[in-house]
Amino acid sequence: MRWTQQLIDPTLPRAFYVLLAGRFINLVGNSLVFPFITIYLAARLHAPMSMVGVVMTFYGAAQVLAVLVGGVWSDKLGRRRVMLVSLASGAAFTFLMGFPVHSLWLVIFLSGMGFTVPLFQPASMAAVGDMVPADRLSYAYGLMRMASNAGIIIGPMLGGFLADHSFFWIFALDALSMVGFLAVIWSFIPETRPETSTAIAPSRLFDVARDPLFLRFAGLWGLTSLVYSQLFMVVPAYLHLDLGYPPSAFGYLAAENAVLVVALQLPVTRLTRSIARPMLMALGTLCYAAGFWLMLTGHSLATFAGAVLVITLGENVINPAASSWVADRAPQHLRGRYMGFFSLANRAGFAVGPLTGGLLMSMGVLPWLGTTGALALLTSFGYQRFSRQKPTSSSVGISS
């Protein structure tokens, strides 16, 4: 009871906690699938990792388009409507992915899933920014990550078990979780978009481009995501195809990542709340570099478990800080667009990540992991430069 009282902040609205609970349900389903997509494609396409990386780039390109469109639509049409469309269409494409179809249809369904599912992200992040007071945003985004990762504790272990026997059920159960989340939003989540958002003209799509500081931040965030994508997009295939571990092995590592986020997110947020957000992001990417370099030291699961621990510490530091920085930076009437571009940078990194990792891994483990760590170190230096900049939107030359 005491732990629950500490976790629930009475200053946050009930709708936020309903969204939090629905996010948990949805992530149980999503995490059945995403750690095993590269393994599924490699088995279905009978292709080398470099070719799987090319197919995953189509998937990533669809995600990049989705988060850009999702941000604009959430400002124009409303956060709630975009979330509902995302969940309904995403459930359909995800369910179709589980059927034994021709490779061309597989790529089409994968691209459809890549476009529809991420529409949810900028709309939900903008909704949280609308609901929550500015001084509680880091805490709220930290709770959202905890709910997501609590779902990921369950999903990858169950997904790994199912993937060892049949891939169909991981897609079917993911689709079911989206339908369940859709019902939650339909019943309990009101529209949160500020009224001023209705006056924004469609031609204002690229207003965000008038904020050069944010664009530099988004570029760094894309590079950060490229680095992090190696953990969930390339490491599973490396463990299975090169080291001979069953798919369930990475499921346990993904569950470790989720457990550590749930256990450490709030303590880390409290301990680091007095540190400037750009410095937190610099510290987090240093942990990424250390974690990927640690993978070079051995092939045992214990080695990879240690690397996941280090990377997750960095993740706990960097993600709430980055989301809060963007929410503070964005003018209220453009918050959906800012969150869309922020998510776009993330998806762009995940789009290029499998292709880059696959090509580097074809040259050897050292070029792949060594380069990944070096890129993380480079982004850390980049974030340090932001510590001298103002995060608020008052300095942004964007008219309302």
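The values are calculated or read from the model by the stated rules, or taken from the named source; none is laboratory data. Small disclaimer: the values here were computed from a predicted structure and weren't measured. FYI the Cβ positions are ideal-geometry reconstructions off the backbone, even for glycines, and counts take in every protein chain you see.
Return yes when THR269 is part of a helix (DSSP H, G or I) and surrounded by fewer than 24 Cβ atoms within 10 Å (Cβ to Cβ) and no when it is not. If you could, list the steps in order and put the result at the bottom.
Numbers: part of a helix (DSSP H, G or I): yes; surrounded by fewer than 24 Cβ atoms within 10 Å (Cβ to Cβ): yes.
Considered against the rule, which asks whether it is part of a helix (DSSP H, G or I) and surrounded by fewer than 24 Cβ atoms within 10 Å (Cβ to Cβ), THR269 comes out as yes.
Condition check ((1) of a type in the set (A, V, I, L, M, F, W, C); (2) buried (at least 23 other Cβ atoms within 10 Å of the Cβ); (3) in a loop (DSSP other than H, G, I, E, B)) across all residues:
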| position | (1), (2), (3) |
| --- | --- |
| SER248 | no, no, no |
| GLY251 | no, yes, no |
| ALA254 | yes, yes, no |
| ALA258 | yes, yes, no |
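So PHE99 clears everything in (1) in a helix (DSSP H, G or I); (2) at pLDDT 80 or above except one condition, right? Which one?
Every listed condition holds for PHE99 apart from (1).
Say whether the condition of being of a type outside the set (A, V, I, L, M), closer than 24 Å to ARG210 by Cα, over 21 Å from the mean Cα position of the chain (by Cα) and outside any helix (DSSP H, G or I) is met by at least one residue in region 329-336.
Scanning region 329-336 turns up at least one residue that is of a type outside the set (A, V, I, L, M), closer than 24 Å to ARG210 by Cα, over 21 Å from the mean Cα position of the chain (by Cα) and outside any helix (DSSP H, G or I).
Scan region 143-161 and give yes if some residue there is outside any helix (DSSP H, G or I) and over 21 Å from MET233 (Cα atoms), otherwise no.
No - not one qualifying residue is present in region 143-161.
Answer yes or no: is there a residue in region 120-131 that is touching a His at 6+ places or on another chain (Cβ under 6 Å) and either modelled with pLDDT under 85 or not in a helix (DSSP H, G or I) (or both).
No, region 120-131 has no match at all.
Identify all residues within region 74-108 that are more than 27 Å from ARG193 (Cα to Cα) and in contact with a helix residue (DSSP H, G or I) (Cβ under 7 Å, 6 or more places away or on another chain); write none if there are none.
PHE93, THR94, PHE95, LEU96, MET97, GLY98, SER103, LEU106, VAL107
If you check PHE350, PHE381, which single one turns out to be within 21 Å of VAL117 (Cβ to Cβ) and either β-branched (Val, Ile, Thr) or at pLDDT 80 or above (or both)?
The match here is PHE350.
Which condition number in (1) at pLDDT 85 or above; (2) under 18 Å from LEU226 (Cα atoms) is the one that PHE341 fails?
With (1) at pLDDT 85 or above; (2) under 18 Å from LEU226 (Cα atoms) applied to PHE341, the lone miss is (1).
To keep it simple, each residue is scored yes or no on (1) within 19 Å of MET361 (Cβ to Cβ); (2) surrounded by fewer than 21 Cβ atoms within 10 Å (Cβ to Cβ); (3) at pLDDT 80 or above; (4) under 17 Å from the mean Cα position of the chain (by Cα).
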{"residue": "GLY22", "(1), (2), (3), (4)": "no, no, yes, yes"}
{"residue": "SER31", "(1), (2), (3), (4)": "no, no, no, yes"}
{"residue": "LEU45", "(1), (2), (3), (4)": "yes, yes, no, no"}
{"residue": "GLY71", "(1), (2), (3), (4)": "no, no, no, yes"}
{"residue": "ASP75", "(1), (2), (3), (4)": "no, no, yes, no"}
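Right, THR371: part of a helix (DSSP H, G or I), surrounded by fewer than 17 Cβ atoms within 10 Å (Cβ to Cβ) and over 17 Å from the mean Cα position of the chain (by Cα) or not?
Against the criterion (part of a helix (DSSP H, G or I), surrounded by fewer than 17 Cβ atoms within 10 Å (Cβ to Cβ) and over 17 Å from the mean Cα position of the chain (by Cα)), THR371 does not qualify.
Quick check on PRO35: is it at pLDDT below 85, assigned to a helix (DSSP H, G or I) and in contact with a Pro (Cβ under 7 Å, 6 or more places away or on another chain)?
So PRO35 passes the test.
Any residue at all in region 142-154 that's touching a residue at least 40 places away in the same chain (Cβ under 8 Å), farther than 25 Å from ARG270 by Cα and surrounded by fewer than 23 Cβ atoms within 10 Å (Cβ to Cβ)?
yes
Would you confirm whether any residue within region 277-287 is in a loop (DSSP other than H, G, I, E, B) and surrounded by 19 or more Cβ atoms within 10 Å (Cβ to Cβ)?
Checking region 277-287: not a single residue is in a loop (DSSP other than H, G, I, E, B) and surrounded by 19 or more Cβ atoms within 10 Å (Cβ to Cβ).
Return the total of residues in region 236-246 being surrounded by fewer than 24 Cβ atoms within 10 Å (Cβ to Cβ) and assigned to a helix (DSSP H, G or I).
Looking only at that region, the number is 5.
With the condition kept exactly as written, say whether any residue in region 119-130 is among the aliphatic types (A, V, I, L, M) and surrounded by fewer than 23 Cβ atoms within 10 Å (Cβ to Cβ).
no
With the requirement that a residue be among the β-branched types (Val, Ile, Thr) and either in contact with a Pro (Cβ under 7 Å, 6 or more places away or on another chain) or farther than 24 Å from MET361 by Cα (or both), what does region 256-294 give you?
Once the filter is applied, which keeps residues that are among the β-branched types (Val, Ile, Thr) and either in contact with a Pro (Cβ under 7 Å, 6 or more places away or on another chain) or farther than 24 Å from MET361 by Cα (or both), region 256-294 yields VAL259, VAL261, VAL262, VAL268, THR269, THR272, ILE275.
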